[in-house]
Amino acid sequence: MNNKKVNLKTEKELREAILREKEKGTPDIEIGRKYGVTFRYIERLITQSQGLNISSLKVSKKVKTLYPKDFKEEQTTVWSFKQRGNWATHSGEYRGNWSPYIPRNVILKYSKPGELVLDYFCGAGTTAVECKLLNRKCLAFDINDKAIELAKENINFNIDSPQLPFKKVHAQTYEPKLLIGDARDLSSLEDNSIDLICAHPPYANIIHYTDSKEGDLSFFDINEFLKEMEKVAKESFRVLKPGRQCAILIGDTRRKKHIIPLGFKLINVYLNAGFKLRELVIKRQHNCKTTGFWYNNSIKYNFLLLAHEYLPIFEKPKPSALSVEERKIDYNLITPTLGRPSLKRKLSELETTTVWVLPEKDFEKYLNKNIIDRYSDGDGYSTIFLNSQSKHETKGILKKEQQNMRLLFVKSPYLNNNPILNIKHYLQEINEIVNRELKTITDNGYIVIQTQDIREGGYVQPLVKKIIDMFTQKILWLKEIVIVTREGVNEINLENQSSSNYLKIVHQYLLVYKVIKGER
């Protein structure tokens, strides 16, 4: 490969040369080296010239198969697809589009053949293609007319093939209806008319999908993006039938080397619109490099590569469910105790992404060792365990005298059993511990809180979101949100699990806060 930089006299010549390279299929990294331009420059150029953000100017639409090989519906809360999926007309040409495995799972689990699925961020039409394959009606909007043109190309294939599953059972096929439209205004749709919403919104000012088209949410920064998504959420609640679901894929972003919990902020938007949280799925990403340069820099600069997105599955409650009061339950007490966590004696290497898949055997030892080695920096640390006990049990709370600690680690091991939990008291206990122990943590030290979601009354209680919402003081700066799960969790007994209406919760969270006592 020739890495010698090519110098062109004018901007016009440069743009034309890059477009010729894209026509030939030259990788972006080679174009960048050859012409001295950034990936963002190439991305903007393609968007301006084509009217939409695509990675390739030539993509074959030849259909080799109409369904994924060896497909099984997901049964747990961690979804991990090593291959993006390229059946039918699916491809990765449209930057940022989601894997077709996601809408396929959502559509199969939360709708029936002949029902109407809405996608108001159509993009290249991934959801529409899946609806056509799975015999669902589909209505898809996008604010970008060029995206709708591309989506219409993608749904233009012949479904009469012996390769298609379900064909003999559900013979009727529905052609998706694709329209130019704004997700914030669904006035063309009647109240309670949609069976399922399945959408992947543009992330706040991360990937731009048009050439500065008015109303394109991908150009709005975080606060403005969330404000506009309030309109989307309200319209979603209005058009969705009671008792039905709305699935939205969203991820976090990083600013100044710290996490902005965009995913949980968007969850708040939909909850405030009236939805309940039926499931909170973690979508694991597999395109994160964890060796060589990236591994060394992860250790040197103490950061983790973002390797997850969230797929909250909301539900519009039926009218009778809106007035249900919390049952009166005799909750167990929550008792904080000091202790020393069990550790692996030695790790070959630290985890370097925001998804930790640890061995079933010695799971907690691997987790504890990663936290303590990365965030205590060899200095003092303290671990507090939150456990439940009945009102008739007594357990002393240990007092510590150690000062100037580098790390405080708060664990809640009893959450593993999905207990009947007084959430208000649980949050109060964590709040009291953190505020009491802050004075013992050194400047630039860390507080790590291990927690997980629980299910209550058929809905998910996202304890991690509630903790994030609780800690808003400037002294605590959210550095990382880590997802932790066990190896082999997706190999559970599918026969037993498939009879359940709910996914098995198999992930935990680590909230990593940096303590900043001086000026940021």
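The values are calculated or read from the model by the stated rules, or taken from the named source; none is laboratory data. On a predicted model such as this, the values are computed, not experimentally measured, just so you know. Please note: Cβ atoms are built from the backbone with ideal geometry, for glycine as well, and neighbour counts cover all protein chains shown.
Things to note:
- Condition check for R255: assigned by TED's automatic domain parsing to the domain that holds K109, without any contact (Cβ under 8 Å) to a residue 12 or more places away in the chain and more than 13 Å from E309 (Cα to Cα): yes
- Against the test of being assigned to a loop (DSSP other than H, G, I, E, B), charged (D, E, K, R), modelled with pLDDT of 95 or more and closer than 21 Å to L116 by Cβ, the options D195, D185 yield a single qualifying residue, D185.
- Of the strands (runs of 3 or more DSSP E) lying entirely inside segment 225-283, those carrying at least 3 residues that are in contact with a strand residue (DSSP E or B) (Cβ under 7 Å, 6 or more places away or on another chain) and closer than 22 Å to T77 by Cα are 240-248.
- On the stretch given as segment 305-359, residues that are within 27 Å of T76 (Cα to Cα), at pLDDT 80 or above and of a type outside the set (F, W, Y) total 21.
- Hey, K132 of a type in the set (D, E, K, R) and under 21 Å from the mean Cα position of the chain (by Cα) or not: no
- Only one entry in K391, K399 is more than 26 Å from R455 (Cα to Cα), at pLDDT below 70 and surrounded by fewer than 18 Cβ atoms within 10 Å (Cβ to Cβ), namely K399.
- Between V117, V63, V78, V59, the distinction of being out of contact with any helix residue (DSSP H, G or I) (no Cβ under 9 Å at 6 or more places or on another chain), hydrophobic (A, V, I, L, M, F, W, C) and modelled with pLDDT of 80 or more belongs to V63 only.
- P162, sole failed condition from (1) surrounded by 15 or more Cβ atoms within 10 Å (Cβ to Cβ); (2) at pLDDT below 90: (1)
- Considering segment 266-293, and only residues there that are farther than 30 Å from S320 by Cβ and surrounded by 20 or more Cβ atoms within 10 Å (Cβ to Cβ), the residue that is modelled with the lowest pLDDT turns out to be R284.
- Filtering segment 76-126 to residues that are crowded, with 23+ Cβ neighbours inside 10 Å, of a type in the set (D, E, K, R) and farther than 25 Å from V355 by Cα leaves only D119.
- Residues in segment 402-433 that are of a type in the set (S, T, N, Q) and under 20 Å from M470 (Cβ atoms) were compared, and the one that is modelled with the lowest pLDDT is N422.
- From the list T210, T173, the one residue that fits, being of a type in the set (S, T, Y), crowded, with 22+ Cβ neighbours inside 10 Å and either modelled with pLDDT under 95 or under 23 Å from the mean Cα position of the chain (by Cα) (or both), is T210.
- Residue that is nearest to H308 (Cα to Cα) [pool: residues in segment 335-363 that are in a strand (DSSP E or B) and either outside the structural domain of S376 (by TED's automatic domain parsing) or within 28 Å of the chain's Cα centre (by Cα) (or both)]: V355
- The lone exception for L421 - which of (1) assigned to a helix (DSSP H, G or I); (2) crowded, with 17+ Cβ neighbours inside 10 Å it fails: (1)
- Neighbours by Cβ (under 9 Å, 6+ apart or cross-chain): first from segment 468-491, assigned by TED's automatic domain parsing to the domain that holds L262 and closer than 14 Å to N435 by Cβ; second among the charged types (D, E, K, R) and in a strand (DSSP E or B): none
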